[in-house]
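Below is the structure I would like to discuss, written out as structure tokens.
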Amino acid sequence: MTNTSFRRFRVPVLIVALAVVLVATRGLNVLAAHNPITALLVGFGTAAGALVAYKWLARKVEGRETVEELPREGRRANLGRGLLLGAGALTAMMLIIGMFGGWDHIGGGSFAGFLITMGAMASVAVNEELLFRGVIFRILEERTGTIVALVISSVLFGLTHLVNENATIWGTLAIGIEGGTMLCAAYALTRSLWLPIGIHFAWNFTEAGFFGVATSGTEQHGLFTTTLSGPTFLTGGEFGPEASLTALLVCAVPTYFMLRRAVRKGNLRQGDVKLRNLRRKAA
């Protein structure tokens, strides 16, 4: 298949290729989970490998010599901001749950689980951001504009969590609303994947690796073990706090401010002019 043919079918080619990379890296992380040091190294290694694969696909499939969404300039700063924002938002959510009586018990966990989770969540954050924000949101935005792309990609992002343990329709919808929109807003603000990668990793790792609560329906082992109890709207039930009203409200705050700033910077896009003209003629 020629490069021209690849570019014509770039969306399915990129989605399938990155989905294969995501599944493969998760398999490697599972195999490495028996040893904390190995799991940590494999997690960060597969994250780095996914970045290399993404850049290679951008060149070969899209014909792009420069991958603008993974710039070297501002990489550390945006990753750092993302780590602070993700960890801060998750901690704020857990503190609010605790303030309203949602903490049933908190005890010691496992340092080995802490390291295993760190590696796994690094891999998950990078791979999911490359697929959902780097490909699906970015290309949809080119064609439909920022708002439509945000809605569609966030719904798809949420639906993929239906395969998780203890998954519920509401839980996956909540992840799409709170996580998908916040991460799309981070990308729209910076036009870079580094900020959403930092947020995604810090949110998941703080939730699973530090507090040790269920993440997207999957039980986790972290530095502490936190048992939540109370109404589902407060704690999220078996799916974990991401299915709670608390998470929706906490995530809505940074999402609003990032989108507002993106608007002020002129970073929201209208979509392909040719497509809009065709729609107008069809109407």
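Quickly rank 79-89, 112-122 as a protection proxy: mean count of other C-beta atoms within 10 Å, highest first. Write down the numbers at each step before the final one.
Details: 79-89: 19.4, 112-122: 23.6.
My ranking of the peptides, most packed first, is 112-122, 79-89.
What distance in nm lies between label points placed 7 Å from Cα along the C-beta direction at LEU245 and LYS55?
Each label point lies 7 Å from its Cα, and together they span 4.7 nm.
Could you work out how far apart the two model spin labels at PHE44 and ARG143 are, taking each label as a point 7 Å from the Cα in the direction of the beta carbon, and quote it in nm?
Spacing of the two 7 Å Cα→Cβ label points: 3.8 nm.
In whole Hz, with x marking every Gly and Pro, tabulate ³J(HN,Hα) for the stretch 208-218 from phi via Karplus 6.51 cos²θ - 1.76 cosθ + 1.60, θ = phi - 60°.
Working through the residues one at a time gives 8, x, 9, 6, x, 9, 4, 10, 6, x, 9 Hz.
With point charges of +1 on the Cβ of Lys and Arg and -1 on the Cβ of Asp and Glu, referenced to the Cα centre of the stretch 74-282, which listed residue (CYS251, ASN164, CYS184) lies farthest in the positive direction of the dipole?
CYS184
May I pose another question? Can you give the FRET efficiency for GLU219 and VAL263, using 1/(1 + (r/R0)^6), R0 = 51 Å, r = Cβ-Cβ distance, to the nearest 0.05?
Details: r = 40 Å, r/R0 = 0.78.
The pair GLU219/VAL263 has a calculated efficiency of 0.80.
Which is farthest toward the positive dipole end of the chain among GLY86, LEU18, PHE100, measuring Cα position about the Cα centre, with Cβ charges +1 (Lys, Arg) and -1 (Asp, Glu)?
My answer, from the dipole projection, is LEU18.
List the residue ranges in the chain for DSSP H helices whose C-alpha atoms run 15 angstrom or more along the long axis and whose Kyte-Doolittle average is -0.5 or above. Please report the intermediate quantities before stating the final value.
Values: long enough: 10-32 (32 Å, 1.95); 36-60 (35 Å, 0.92); 75-99 (35 Å, 1.00); 111-129 (27 Å, 1.08); 146-159 (20 Å, 2.49); 194-205 (16 Å, 0.81); 245-264 (29 Å, 1.13).
Both cut-offs are met by 10-32, 36-60, 75-99, 111-129, 146-159, 194-205, 245-264.
A follow-up question, please. Go ahead and collect, in residue order, the members of the stretch 190-217 whose backbone nitrogen is under 18 Å from a label point 7 Å along the Cα-Cβ direction of PHE111.
209-212
Here is a further query. Rounding to the nearest 20 debye, state how big the charge dipole of the stretch 22-105 is about its Cα centre with +1 on each Lys and Arg Cβ and -1 on each Asp and Glu Cβ.
Values: 9 positive and 6 negative charges, 57 e Å.
Taking the Cα centre of the stretch 22-105 as origin, the dipole is about 280 debye.
Here's something else I'd like to know. Starting from the 7 Å offset along Cα-to-Cβ, what nm value, one decimal, do you get for the label separation of GLU68 and ILE37?
4.5 nm
Any idea what the dipole of the chain comes to, in debye rounded to 20, about its Cα centre with Lys/Arg Cβ at +1 and Asp/Glu Cβ at -1?
Working: 26 positive and 17 negative charges, 373 e Å.
It comes to approximately 1800 debye.
Next question, about the same structure. Bin width 10 Å, alpha-carbon pairs only: give the P(r) of the stretch 62-150 as whole percents, running from 0 to the bin holding the largest distance.
The percentages, shortest bin first, are 12, 28, 34, 18, 7, 1.
For the chain, taking Cα atoms only, what is the radius of gyration to one decimal and the Dmax to the nearest whole Å?
Radius of gyration, then largest Cα-Cα span, for the chain: 19.0, 64 Å.
How much length is gained on full extension from SER229 to ARG76, taking 0.36 nm per residue of separation minus their Cα-Cα distance?
Numbers: separation 153, 0.36 × 153 = 55.08 nm, distance 3.80 nm.
That pair, SER229 and ARG76, stretches by 51.3 nm at full extension.
Computed from the mean reciprocal separation of all distinct C-alpha pairs, what Kirkwood hydrodynamic radius does the stretch 1-142 have, in Å?
Numbers: mean 1/r = 0.0579 Å⁻¹.
Hydrodynamic radius (Kirkwood, Cα only) of the stretch 1-142 equals 17.3 Å.
Values quoted throughout were computed directly from the atomic coordinates according to the rules given, and no laboratory measurement underlies them. A quick note: this is a predicted structure, and the numbers were derived from the prediction, not measured. Positions of Cβ are generated from backbone atoms using ideal geometry, with glycine treated the same way; all protein chains shown enter the neighbour counts.
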